[in-house]
Amino acid sequence: MLNKDLFVVKEKAKLLSSRNSYEILDNTAKVIGTAEQKTGGLALLLGMVMGDPPTRIDFRQKPDDSLVFTVRRRGYLFKKVEVVDAQGQLIGRYKAKRFSISGGFHVYDKDGKHTAEIRGKLLKANYTFFTPDGKTEMGSVAKKWGGMARELFTSADMYGVQIAPGFSGDPTAKMLILGAAVAIDALMNKRGGAKAGGTSDKAGGTSDDD
């Protein structure tokens, strides 16, 4: 899955389930992976009292459904949204901007080094990843994309994720970008209990300055 530079994220119908579930397609509409949210029963019960519960989204690749990486939300009072690899090793984490009118997130690696900034219209799935200096684009997310088959975009619950050429060979960057695209929709936006870019820790861990 991580050998691709272009992804279409398609939300599955929930029916009676409250879990977020997605298919990940390439630009030819072939399903190359899935992203499935899982929350423990105890966490759900505690979450009814203490707010959004700890949860995780597992990203698996086809055809064998092997685990590629996971985005997880930890904690109750001080929430953290992190990315871990298939072995459970920390790759990075997302922090909401505190003093930003337009909203957005910062991305940090496992050692706490600032590696990316997310800017744009997060609630409308139209935003871009930049290097910390703001000069180099790393990737982008959009509802409409000329490089993808138009027939794919038949629903408002679909969006494209494009990896910039300079990061095509960087699997860690791909996990952080694809993981953020799904996490912003499932955990850190309207479904996560807080608007993206807000001051609440619910919006993806400890808030940060713009």
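Details
- Counting neighbouring beta carbons within 10 Å and listing from fewest to most, the residues 72, 93, 19, 119 come out as 19, 119, 72, 93.
- Fewest-first ranking of 7, 167, using other Cβ atoms within 10 Å as the exposure measure: 167, 7
- Estimated inter-spin distance, residue 124 and residue 3, nm [label 7 Å along Cα→Cβ]: 3.7
- Exposure proxy for 140, 168, 21: other Cβ atoms within 10 Å of each Cβ, ordered fewest to most, give 168, 21, 140.
- Once the Cα-Cα distance is subtracted from the 0.36 nm per residue extended length, the residue 62 to residue 170 segment shows a gain of 36.9 nm.
Only the coordinates and a few stated rules stand behind these numbers; no lab work does. Computed from a predicted structure; not experimentally measured. Cβ atoms come from the backbone with ideal geometry, glycine included; neighbour counts cover every protein chain shown.
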